[in-house]
Structure formats: structure tokens, C-alpha cells
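Visitor: Sharing a structure here in C-alpha cells format.
The values are calculated or read from the model by the stated rules, or taken from the named source; none is laboratory data. Model, not experiment: these values are computed from the prediction. In this analysis, Cβ positions are derived from the backbone assuming ideal geometry, glycine residues included, and neighbour counts consider all displayed protein chains.
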Amino acid sequence: MKPGRIILALVIVAKLMMLTHTAHAADVGPSGNPLPRFVSLSPEVAYLRTGPGLQYPVAWVYNRRHLPLEIIDEHGAWRQVRDIEGTKGWMHVRLLSSKRSAMLVGKKLELHSDPEAASRVVLTAEGGVIGWTRLCRGDWCRMEIEGTEGWIERSHLWGVYPEETLE
């Protein structure tokens, strides 16, 4: 192999190693918490800003308490979040709660008494309804919606990751 090609190969390997290291380092944010991660919106009204600070303009106003949001980046006391529609922006950490909620995705969805489709239906709800995520195992999550608890298939939720286990 010619010296020029050896150097090129070494440069490519070094860049790939840097990318791999960066990807692993990005798994934990400056706060020590994992990135990305889901949280819920605390107040009834919250402002999504174009940057991490009060000096940045408001891009969106949320009027939905407990809305699940995904934290994708951190900068000081500010968190970059993404909503179910893919809208991204920055919120102050005081507006967010680690209490996990999830939004039902679909038309009419059923919560079951047990984590199996053949079990008794305890609640039927429309897509867009938000509930508290109690636990997730395998393909099912236990949710609480307005005081009623039941199991729903994970694929019908936005607010939990496909392989995430919640206890």
C-alpha cells in the first residue's frame, strides 16, 4: 500500500473513532441525565423559545399541561425539547417535570385489564389523550388516564421509547 493511502486510511479510521466516541458521550447530558429522554410539561401555559435564554423570541406557546416532550439537548438551565409533531425549541428546566406522561396515538384506543389484547377493556379513549405512564414491559405499558389504570400496547404511545423499561 502506498504511503498516501495509508495516511488517508488512518485519517478515516481516526474520524470514525471520533464519531463513535461523540455518539457515546452524547448519551448523557451536562446535567448527568440521559439524552434523549422524555419528560412532561408542568404548567398549563409554557413558552417554547428559539434559543436557550429569555432573550430569544417565543416560537410557540403550549397550552396543555402534562404534555409529553422529549429532551434532546441541554444548555445550562435550558432544555431543547421536541414535541409529538417534531417542533423543536428551548424551555427552562422549571417548566418540565420528570413525571412521565404519554399521549395516545391513533383513533379509538383501548386500555386493558392485563397486558394482552384478549383481556377485558377497562377504558376506551381517543387519540391525543394524555395519561401517566406507570410502567412499561415488553410491548405493553400500564397507564393511568383520569383515575383509571390499564394496559396499552406501547406502539400506541408517544412518550416512551420502543425498548425502554419503566418500573
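Visitor: Check region 84-100 and report whether any residue there is farther than 23 Å from V28 by Cβ and in contact with a Leu (Cβ under 6 Å, 6 or more places away or on another chain).
Guide: Here is the first cut: in region 84-100, the residues farther than 23 Å from V28 by Cβ are 84-87.
Add one more test, that the residue is in contact with a Leu (Cβ under 6 Å, 6 or more places away or on another chain), and what stays is none.
Within region 84-100 (the criterion being farther than 23 Å from V28 by Cβ and in contact with a Leu (Cβ under 6 Å, 6 or more places away or on another chain)), the answer is no, since none of the residues qualifies.
Visitor: Any residue in region 119-132 that is assigned to a loop (DSSP other than H, G, I, E, B), outside the structural domain of P52 (by TED's automatic domain parsing) and touching a Phe, Trp or Tyr at 6+ places or on another chain (Cβ under 8 Å)? Reasoning before the result, please.
Guide: First, pick out the residues of region 119-132 that are assigned to a loop (DSSP other than H, G, I, E, B): 119-120, 127-129.
Right, trim to outside the structural domain of P52 (by TED's automatic domain parsing) and you get 119-120, 127-129.
Narrowing further to those that are touching a Phe, Trp or Tyr at 6+ places or on another chain (Cβ under 8 Å): 119.
Yes, region 119-132 contains at least one residue that is assigned to a loop (DSSP other than H, G, I, E, B), outside the structural domain of P52 (by TED's automatic domain parsing) and touching a Phe, Trp or Tyr at 6+ places or on another chain (Cβ under 8 Å).
Visitor: If you don't mind, another one. Given the options G159, G131, G89, name the one that is under 17 Å from R64 (Cα atoms), touching a residue at least 60 places away in the same chain (Cβ under 8 Å) and small (G, A, S). Give the steps one after another, and end with the answer.
Guide: Details: G131 fails: touching a residue at least 60 places away in the same chain (Cβ under 8 Å); G89 fails: touching a residue at least 60 places away in the same chain (Cβ under 8 Å).
Result of the check over G159, G131, G89: G159.
Visitor: One residue is enough: does region 44-54 have a residue meeting the conditions of a type outside the set (G, A, S), closer than 30 Å to W151 by Cα and modelled with pLDDT of 95 or more?
Guide: Filtering region 44-54 for residues of a type outside the set (G, A, S) gives 44-45, 47-50, 52, 54.
Applying the additional criterion that residues be closer than 30 Å to W151 by Cα yields 44-45.
Narrowing the set further to residues that are modelled with pLDDT of 95 or more leaves 44-45.
The answer is yes; a qualifying residue exists.
Visitor: Restricting attention to region 133-158, report how many residues are touching a Gly at 6+ places or on another chain (Cβ under 7 Å) and aliphatic (A, V, I, L, M).
Guide: 2
Visitor: Looking only at region 49-101, count how many residues are under 19 Å from G32 (Cβ atoms), more than 13 Å from the chain's Cα centre (by Cα) and aliphatic (A, V, I, L, M).
Guide: Residues that pass the stated criteria total 3.
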